[in-house]
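Scroll down for the structure; my scribbles are underneath it.
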Amino acid sequence: MAFHPTSRDVEISEEEFRLLRDFIHEKLGIHFDDGQRASLRARLVGRLTSLDLDSFEDYYHYLRFAPQREDEISRMASHITNNETYFFREQAQLQVFADHVLRRLKERKSASGPRSLRILSAGCSTGEEVMTLAMIVYDSAQFFWGWEVQVIGMDVDRAALEKARRAVYFHNSFRSVSPAVIDRHFVKQSSGTQVKEGVRRLTRFVEGNLTDPASYAGLAPLDAILCRNVLIYFSDAMIRRVVELFRAALVPGGFLLLGHAESLSRITDAFTPIRFPGAMIYQKPEQDGA
């Protein structure tokens, strides 16, 4: 009988770490620095057991060449990213979205242009941010009566997207939600608490990779993009690439909202920063030079 090492036995060599790190950066944009070899091993060693592989080199070759490699890349993404998310996260910025961004978009679209609103949550995980944005749009009461509204969630993690489409959530997702909002937008189910149909109708979820131009096909033109607490895992070069894709997908005058620890100051001057108390947003110029 062939011996297969257990998860505790499998170490990751410097060369295996380099191969996997470069592959992950190439495919997903996520950067692991030289001091994170143990962290990457801990996140991925279980995948070797699941696939009955003996080494991280075998796992690298599986990711490169196996017929099921795309499915495994999606599974891998969920293991190396932090899917920590909850409703109404970073409330100060969401208040700016509700009070400033939606009002400006409504004014512009009412004066000229199609009566449509298209918002992208890039790296949406299990969908809490998408549903939060849809609730804010719904509660604004500004986009009924002839308006087409879509809040789109995009993620590379298929398992997370399946949960997002079900829109059934549990206690940890509600840490920043008031009882009034729960009463208004959720309904109790035997399996958890589900977002009500009126809000879910405004949403859609697509599988896509933020670093891949093809993933944005059919999504543009977008009025606003939220990509919060995702780019902190990317290298500067990959952030520039992703932000350029965002810029191309946004309408002139469209808005980009990043996480509170993320900044474009050293990345690009293609967006105008707008500061509010406790929050920063970015706007694509009305006259885009591209």
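A few notes on this one:
- Sulfur and carbon atoms: percent of accessible area, the range 145-197 [1.4 Å]: 54 percent
- In the chain, the longest principal axis of the Cα atoms and the axis of helix 102-111 are about 60 degrees apart.
- The Rg/Rh ratio for the range 88-199 is 0.97, where Rg is the radius of gyration of the alpha carbons and Rh is the Kirkwood radius.
- Projected onto their three principal axes, the Cα atoms of the chain cover extents of 72, 51, 35 Å, largest first.
- Counting only trypsin sites (Lys or Arg not before Pro) that DSSP places in a loop and that have at most 10 other Cβ atoms within 10 Å, the longest clean stretch of the chain runs over 9-174.
- For GLU26 and ALA180, the FRET efficiency from 1/(1 + (r/R0)^6), where r spans their Cβ atoms and R0 equals 30 Å, is about 0.05.
- Sites TRP147 and HIS79, calculated FRET efficiency, Cβ-Cβ separation with R0 35 Å, nearest 0.05: 0.35
- Between the helical axis of 56-65 and the longest alpha-carbon principal axis of the chain there is an angle of about 60 degrees.
- Isotropic mean projected area of the C-alpha convex hull, the range 1-129 (nm²): 11.7 nm²
- Helix 128-140 axis versus longest C-alpha principal axis of the chain: approximately 0°, rounded to the nearest ten.
- ALA237 versus ASP139: modelled label distance in nm, points set 7 Å from Cα along the beta carbon direction: 4.3 nm
- In this structure the chain gives 49 Å² per residue of accessible area when probed at 1.4 Å with all protein chains present.
- Cα-centred dipole magnitude for the chain, charges only on beta-carbon of K, R (+1) and D, E (-1), debye, nearest 20: 1320 debye
- Coil-residue chymotrypsin sites (Phe, Trp or Tyr not before Pro) of the range 121-206, DSSP, other Cβ within 10 Å capped at 13: PHE144, TRP145, PHE170
- Rounded to two decimals, the Cα-based Rg/Rh of the range 58-108, with Kirkwood Rh, is 1.36.
- Considering every alpha-carbon pair of the range 148-277, the percent of pairs per 10 Å bin, from zero through the bin containing the longest distance, is 10, 35, 33, 19, 2.
- FRET efficiency for ARG43 and ALA92, using Cβ-Cβ distance with R0 set to 51 Å, rounded to 0.05: 0.95
The values are calculated or read from the model by the stated rules, or taken from the named source; none is laboratory data. Just so you know, these numbers come straight off a predicted model, no measurement behind them. So basically every Cβ, Gly included, is an ideal-geometry build from the backbone, and we count neighbours across all protein chains shown. Each accessible area value is taken on the protein alone, full model and side chains, heavy atoms only, with ligands, DNA and RNA left out. Shrake-Rupley method; radii C 1.70, N 1.55, O 1.52, S 1.80 Å.
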